[in-house]
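The values are calculated or read from the model by the stated rules, or taken from the named source; none is laboratory data. Only a predicted model underlies this, so the values are computations on that prediction, with no experimental measurement involved. Glycine also receives a Cβ, built like all others from the backbone with ideal geometry; neighbour counts cover every protein chain displayed. Heads up: the accessible areas ignore ligands, DNA and RNA and are worked out on the full protein's heavy atoms, side chains in. Shrake-Rupley method; radii C 1.70, N 1.55, O 1.52, S 1.80 Å.
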Amino acid sequence: MKTILKTFVISLCMISFLSCNANEKKETEQLALTETSTHLPNKQFIKVALLLDTSNSMDGLIDQAKAQLWDIVSELSYAKCGDEKPNLEIALYEYGNDNLNSDEGYIRQVLTFSNDLDEISKQLFSLTTNGGNEYCGHVIQTSLNQLKWGSNQDDLKLIFIAGNEPFTQGKISYQDAAKQAHKNDISVNTIFCGDYNQGISTYWKDGADLAHGDYMAINHNHETTYVATPYDDKILNLNQKLNKTYVAYGSIGNKKMELQEEQDTNAMGYSQANAVSRTVSKSSHLYMNSTWDLVDAEKEKGFKYDALKKEELPAELKDKSVSEIKAYVAKKRQDREVIQNEIQQLNEKRRQFIKSQQKENSNGLENAMIKAIKTQAKEKKYTW
């Protein structure tokens, strides 16, 4: 999955960078007066809306999305704007499925913009296909109107739409939708599942050109291939240790830990290498779970241990004092950082091994998306 990111001005990026440094300095001075450390979130976002055709012929596309999600996330974790690492949010739509509401154009918002990578994985694995009508202009316009894209000019705002029927179908003009996207600094990248020239003749390229995105054609029935490496088993063993550093709290804590394990299992269901890619993503700054994990939560501005209720805590912490809870979480945080660093170091060796063993597959969803993202990211002075 590779490709897409455009337009930007150096002065804006520099202003954002200097402003971020000033805010961080101010925040550091304030932190000295508080008991727990907090942090300001990075200001930049990579926002990706993924619009997937789930009609009968698209089983291969959905499989590629499931199999390659973690490689895409892992690659995006290396992105930087200035000295900042941008956050990632992904939204998911399905269209062209007879099971969907015809009055709404056979379109369903599966997930609004989210940084919950486990939830994104869960929703991808929930998708099924069924024949229908594919209205590209309608689903693009729906995603533009429903999602909170924001107004930060440093953000990379990308729509990826994949399918194999003519781009012109439906009552809503793809041209109007594409122009609306471009006006709002959102690139529309089109991925035709089939022959490159057929995609051009059915206006998939025109849809991308109007919104200053990239046009790509992929073999959606191509099975994802993996290269086994000498580092895979070590990384997977570290994943088990990593999971033990999570301290679930609140009403959703236990369910979220179960979801984490479930998505580990889903990734392994495709291949060991896919599970390794997921583990690498979990070791990056993009895998944040502050809504249910105390280790991540305590980093958030405004978090207070004193505000935690006994019933919100896991069994091992219910009878502990605040100072004991802090010490417990601090140890888990330290363990996690050590494990994540070790995973990242092993992954660098893994990446080099894969590069030496396999030529890049240029005809799959992952490579198409990453290529487009990096191309458009350069326009906004993002680097890898």
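List of remarks:
- Asp83 being surrounded by fewer than 17 Cβ atoms within 10 Å (Cβ to Cβ), out of contact with any Cys (no Cβ under 7 Å at 6 or more places or on another chain), modelled with pLDDT of 50 or more and among the acidic types (Asp, Glu): yes
- Among the candidates Ala181, Ala177, Ala162, Ala208, residue that is surrounded by 22 or more Cβ atoms within 10 Å (Cβ to Cβ), at negative phi and out of contact with any strand residue (DSSP E or B) (no Cβ under 7 Å at 6 or more places or on another chain): Ala177
- Hey, Gly60 small (Gly, Ala, Ser), in contact with a helix residue (DSSP H, G or I) (Cβ under 6 Å, 6 or more places away or on another chain) and surrounded by fewer than 19 Cβ atoms within 10 Å (Cβ to Cβ) or not: no
- Among the residues of region 288-296, not a single one is more than 22 Å from Ile46 (Cα to Cα), part of a loop (DSSP other than H, G, I, E, B) and open to solvent by 70 Å² or more (accessible area, probe 1.4 Å).
- Residues in region 313-334 that are assigned to a helix (DSSP H, G or I), closer than 18 Å to Asn289 by Cβ and open to solvent by less than 60 Å² (accessible area, probe 1.4 Å): Leu317, Ile325, Val329, Ala330, Lys332.
- The set of residues in region 308-337 being under 30 Å from Ala267 (Cβ atoms) and in contact (Cβ under 8 Å) with a residue 24 or more places away in the chain consists of Glu312, Leu313, Pro314, Leu317, Tyr328, Val329, Lys332, Arg333, Asp335, Arg336.
- Contacts under 8 angstrom Cβ, first residue in region 246-260 being surrounded by 13 or more Cβ atoms within 10 Å (Cβ to Cβ), partner of a type in the set (D, E, K, R) and not in a helix (DSSP H, G or I), 6 or more apart: Tyr246/Asp293; Val247/Asp293; Ala248/Asp293; Tyr249/Asp293; Gly253/Asp293; Lys256/Asp293
- The set of residues from region 270-307 being more than 13 Å from Val247 (Cα to Cα) and either in contact with a Gly (Cβ under 9 Å, 6 or more places away or on another chain) or free of Cβ contacts under 8 Å to residues at least 24 places away in the same chain (or both) comprises Ala275, Asp306, Ala307.
- If you go through region 168-193 and pick out every residue that is at pLDDT 95 or above and aromatic (Phe, Trp, Tyr), you end up with 1.
- Pick from region 138-156, criterion over 23 Å from Lys374 (Cβ atoms) and hydrophobic (A, V, I, L, M, F, W, C), ranking: nearest to the chain's Cα centre (by Cα): Leu144
- Filtering region 228-239 to residues that are open to solvent by less than 30 Å² (accessible area, probe 1.4 Å) and either free of Cβ contacts under 8 Å to residues at least 12 places away in the same chain or not polar (S, T, N, Q) (or both) leaves Asp232, Ile235, Leu236, Leu238.
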